[in-house]
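Derivation of every value follows stated rules applied to the coordinates shown; laboratory data play no part. All of these numbers come straight from a predicted model, not from anything done at the bench. Using ideal geometry, Cβ is built from the backbone for each residue, glycine included, and neighbour counts are taken over all protein chains shown.
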Amino acid sequence: MKKQIIIDTDPGPDDGVAILTALGSPLIEVLGICAVAGNVPLPYTIRNVCKILELAERQEVRAFAGAEAPLTRPLFTAEYVHGKTGFDGYDLPEPTMPVQPQHAADFIVEEVMSRPPRTVTICALGPLTNMALALERDERIAGRIEQIVWMGGALSEGGNVMPAAEFNCYVDPEAAARVLSSGAPVVMMPLDVTHKAHVTADRIQRFRSIGNKVGPIFAELLTYAKQFDWEKYGADRAPMHDPTTVVWLLRPELFSGRQVNVEIETVSPLTTGMTIIDWWGVTDRRKNAYVVRDIDAEGFYDVIFESFRRFP
Ligand code: BDR
Ligand code: CA
């Protein structure tokens, strides 16, 4: 049976690559895509979800808008990386497909509760606000979700948006704390993994020469977003964050990690959004997440390109 997944996302090009990797795989059924405010505000993230679905000619997959802002904080965005629209770098046509009237959090609850237990996986590619709202609406979903695979946090890499915090966790730490304490099985893809899966000029060239419409468009989008990272990381390379979640579902043997305790800092002004990961088991706190630390980057890109090749 295909893996049934809901993608919760704030596109952003790396979110786009993750979505297309899932849509292009014959082993995955995407039940719906939920947009959340993150990289850019919600009106852009939901539009970008629809743009990707139309680019992939997959308008039958339903798109849902979710939270416009984090649970308790003002929204912090990343236009300085992805441009105003989140997809600066290539002008995709304005989408015409409808956005579903249901709130993303209600959709998540409905899908998880109406399907057999432990059959629905959530791929969370942005701040966890929609997931936290879904848990608030019906906490029973925690015991019914197969797994929540979240790109977020950092172990020893430090932060990418604050010295101690990764972007998705920093934007809505209260939501991350809510999800991690929910009892749902969580797999975490921190910066320690995504910083080992760089998109290089060679890999961008691989996108460009796929021989379809989708590949070169993503070569442009990634080139735009990565300019910022290339300056930041000082080399012809930048992390490819969000597709790690989808590739984990398809080829878990490409990754390694540990089941550990993860807590989220929500109070300290200096370290808000930091993931406190008990890698060495020095506490007896509940081991609430499988934290991935290593990745076979070549294998990872092979999976992405396998999916990309299936598009028009
Ligand atoms: C995360 O932040 C976003 O900018 C990326 O899409 C990714 O989800 C990395 O910190
Ligand atoms: Ca993202």
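Quick notes
- Residue-span extension gain [Leu270 to Val161] - 0.36 nm each, minus C-alpha spacing: 38.0 nm
- Estimated [θ] at 222 nm from DSSP helical runs (n ≥ 4, -39500 (n - 2.57)) normalised by residues in the chain, nearest 500: -10500 deg cm²/dmol
- Note on segment 3-308: dipole from Cβ charges, positive end direction compared against Ala184, Gly153, Ile217; the farthest Cα belongs to Ala184.
- Classification of the chain by its C-alpha gyration tensor yields a rounded form. The axis ratio a/c (a ≥ b ≥ c) stays under 1.5.
- The phi-based Karplus calculation (6.51 cos²θ - 1.76 cosθ + 1.60; θ = phi - 60°) puts the 3J(HN,Hα) values of segment 112-129 at 5, 7, 8, 9, x, x, 6, 10, 9, 9, 9, 9, 9, 10, x, x, 8, 4 Hz, whole numbers, x for Gly and Pro.
- Computed E for Met113/Glu253 - FRET, C-beta separation, R0 51 angstrom, nearest 0.05: 0.95
- Shape of segment 59-116 from the C-alpha gyration tensor: oblate (a/c of 1.5 or more and a/b not above b/c, with a ≥ b ≥ c the square roots of its eigenvalues).
- Other residues whose C-beta falls under 14 angstrom from the C-beta of Glu253 contribute a net charge of -3, scoring Lys and Arg +1 and Asp and Glu -1.
- The length gained by stretching the chain between Leu27 and Val99 to full extension, at 0.36 nm per residue less their Cα-Cα distance, is 23.4 nm.
- Spatially close lysines, pair count over segment 3-308: Cα under 21 Å, gap of eight or more or interchain: 8
- Loop-located trypsin sites (Lys or Arg not before Pro) across segment 84-183 with a Cβ neighbour count of 16 or fewer within 10 Å are Lys84, Arg118, with loop assigned by DSSP.
- Evaluating 6.51 cos²θ - 1.76 cosθ + 1.60 at θ = phi - 60° for every residue in segment 241-252, the Karplus couplings come out as 6, 5, x, 4, 5, 6, 5, 4, 5, 8, 9, x Hz, glycine and proline recorded as x.
- Glu306-Ser181 FRET efficiency (beta carbon distance; Förster radius 35 Å; 0.05 resolution): 0.45
- Distance in nm between pseudo-label sites at Asp202 and Tyr80 (7 Å out along the Cβ direction from Cα): 3.2 nm
- Residue among Ala78, Ala35, Ala124 with the largest mean-square fluctuation in a Gaussian network model of the chain, springs linking Cα atoms under 10 Å: Ala78
- ³J(HN,Hα), Karplus 6.51/-1.76/1.60, whole Hz, each residue of segment 299-312, x for Gly, Pro: x, 4, 5, 4, 5, 4, 5, 4, 5, 4, 5, 7, 9, x
- Anisotropy class of segment 1-117 from Cα gyration tensor, a/c 1.5 cut: oblate
- Between amide H atoms placed 1.01 Å from N, distances below 5 Å from Ala165 occur with Gly159, Asn160, all of them 5 or more places distant or on a separate chain.
- Point-charge dipole on Cβ atoms (K/R +1, D/E -1) for the chain, about Cα centre, debye to 20: 540 debye
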